[in-house]
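S.K.: To start, I am sharing the structure in question, which I have written as structure tokens.
The values are calculated or read from the model by the stated rules, or taken from the named source; none is laboratory data. The structure displayed is predicted, hence computed values, not measured ones. Note: ideal-geometry Cβ built from the backbone for every residue, glycine included; neighbour counts use all protein chains shown.
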Amino acid sequence: MPATDRGDLTRTAILALLGTVGPLSRTEIARELDLSPATVTQLTRALIAAGMLEELDLRPSRGGRPAQRLGLVGSAGRAVGVKVTADHLVIVEVRLDGEVLGCWERSFDPASLSALDELADAVEQVTSRAEQDHPPLLGVGVGVPGSVDDQAVGTVNAPTLRWPAMPVGERLRRRLRLPVLVENDVNALAAAERLYGRGRTHRDFLVLTIGRGVGAAIVSDGRVYRGARGGAGEFGHVPVGADGPACGCGARGCLEAFVGADGLVAAAGAAGLDCPDVNALGEAAGNGDRRALDVFHQAGAILGRAAAGLINVIDPEVVVVLGEGVAHWPFWQAGFDRAVRAQLMPGRKDIPIEVESWDETGWAQGAAALVLATPFDAAGAAGEQGRLVRARLIGTAP
Ligand SMILES: [Zn+2]
């Protein structure tokens, strides 16, 4: 391996370390990465000169003189994240430290013959904006409600978009000439949690999402578990009722068919409520309508039982609940809490289940995190596209 490559790898390792554990002194970096102090001094000097690291406060060290800590510069890079849904796109531009620079929404028809061109057009409008006031664009992340063969390839199988084997990554890379990472949308949220959230303190956690569909991402030993075909985490298709309603996947009685947005609206109809969508149902519950409150309570109980089953199987340290359905969580909560605690095995009854506030850019921010997490991704889930992202970050892109 040429010496310059080795130097680049070491610089990436320093960025990865600081991105993962936060600011450290040069001595601590040398110890963590098993490098000589002279090498760390030389490489960090170059990274500071490149505007990627900054010297922070002086921190007292035991017995010695105060140590100056080094931290990542949030503006050293940015990424674009795209969330694809059955009727619209949400696109965000995000800095390395997670700060959102801009957000756009536009309608989208995934069933159109020119869907991939329209997707590329929408992303290109954002990526081609004047760059002089912006840090370097590292790449584009795309989150889809379906399974993806490999982040760095990006062939998507998504029944809800009517996309069988759609070459999303290939088409976007050809058009944009940028690194493009494609991933299941819930797995992308888990990437964001690893970077900015639970992943800082937990190696094993579970992300559950509620909303239009129901999903899960399983993070085990710091890595998102993707399964053999990139389709792991389809929690919405756990069977919960033999004669339940028909599900979009073709089966009956799936969890999502009961507690996804359409399932809730159908349950409201069966209870004699006329609600065109789940927001109307939420409004009725907010006004104290007993039937609406019962629909949410039942949904909470069904979700709670299924979640307990999943928690019992994978044994996470903590569970995070996200997604647009969280807006109505106060109505789900009593049913959920009772059911989940009743079904959890002894020793797991106290597992923290944290329901986070949610805004509509959350999914797209997760997609951007696929790119922003790449320099810190020791597991290498981003593959060849991740190598290109790292090259752009350390300024050695061809
Ligand atoms: Zn299903």
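S.K.: Among the listed residues 194, 200, which satisfies the condition of being modelled with pLDDT under 90 and surrounded by fewer than 19 Cβ atoms within 10 Å (Cβ to Cβ)?
M.R.: 200
S.K.: Just checking, which of 98, 51 is assigned by TED's automatic domain parsing to the domain that holds residue 147, on the phi > 0 side of the Ramachandran plot and either surrounded by 14 or more Cβ atoms within 10 Å (Cβ to Cβ) or at pLDDT below 90 (or both)?
M.R.: Exactly one of 98, 51 is assigned by TED's automatic domain parsing to the domain that holds residue 147, on the phi > 0 side of the Ramachandran plot and either surrounded by 14 or more Cβ atoms within 10 Å (Cβ to Cβ) or at pLDDT below 90 (or both), namely 98.
S.K.: Taking the stated definitions as given, is residue 384 farther than 18 Å from residue 205 by Cβ and of a type in the set (D, E, K, R)?
M.R.: Yes.
S.K.: Only residues that are touching a Ser or Thr at 6+ places or on another chain (Cβ under 9 Å) and closer than 24 Å to residue 391 by Cα: list them for region 171-188, please.
M.R.: 176, 178, 179, 181, 182 - these are the residues of region 171-188 that are touching a Ser or Thr at 6+ places or on another chain (Cβ under 9 Å) and closer than 24 Å to residue 391 by Cα.
S.K.: On to the next question. How many residues does region 301-345 hold that are part of a helix (DSSP H, G or I) and within 20 Å of the chain's Cα centre (by Cα)?
M.R.: 8
S.K.: Look at residue 74 and say whether it is modelled with pLDDT under 85, out of contact with any strand residue (DSSP E or B) (no Cβ under 8 Å at 6 or more places or on another chain) and within 30 Å of residue 103 (Cα to Cα).
M.R.: No: the conditions fail for residue 74.
S.K.: Let me ask something else about it. Any idea which of 272, 244, 215 is assigned by TED's automatic domain parsing to the domain that holds residue 292, assigned to a loop (DSSP other than H, G, I, E, B) and within 14 Å of the ligand (Cβ to nearest atom)?
M.R.: Testing whether each residue is assigned by TED's automatic domain parsing to the domain that holds residue 292, assigned to a loop (DSSP other than H, G, I, E, B) and within 14 Å of the ligand (Cβ to nearest atom) leaves just 244.
S.K.: Sort out which residues of region 247-261 are more than 10 Å from the ligand (Cβ to nearest atom) and touching a Lys or Arg at 6+ places or on another chain (Cβ under 7 Å), and write them in order of number.
M.R.: Within region 247-261, just 261 meets the criteria.
S.K.: When only residues in region 65-117 that are among the small types (Gly, Ala, Ser) and part of a strand (DSSP E or B) count, which is nearest to residue 189 (Cα to Cα)?
M.R.: For region 65-117, the residue satisfying everything is 81.
S.K.: Show the residue pairs meeting these rules: Cβ distance below 9 Å; 6+ apart or different chains; first residue within region 305-316 and under 20 Å from residue 338 (Cβ atoms); second residue among the charged types (D, E, K, R) and assigned to a helix (DSSP H, G or I).
M.R.: From residues that are under 20 Å from residue 338 (Cβ atoms), the pairs are 308/341.
S.K.: Quickly run through region 214-232 and pick out the residues that are crowded, with 24+ Cβ neighbours inside 10 Å and over 13 Å from the mean Cα position of the chain (by Cα).
M.R.: If the condition is that a residue be crowded, with 24+ Cβ neighbours inside 10 Å and over 13 Å from the mean Cα position of the chain (by Cα), then 214 is the only one that fits.
S.K.: Are any of the residues in region 203-210 assigned to a loop (DSSP other than H, G, I, E, B), over 30 Å from residue 128 (Cα atoms) and either among the polar types (S, T, N, Q) or within 16 Å of the ligand (Cβ to nearest atom) (or both)?
M.R.: Within region 203-210 (the criterion being assigned to a loop (DSSP other than H, G, I, E, B), over 30 Å from residue 128 (Cα atoms) and either among the polar types (S, T, N, Q) or within 16 Å of the ligand (Cβ to nearest atom) (or both)), the answer is no, since none of the residues qualifies.
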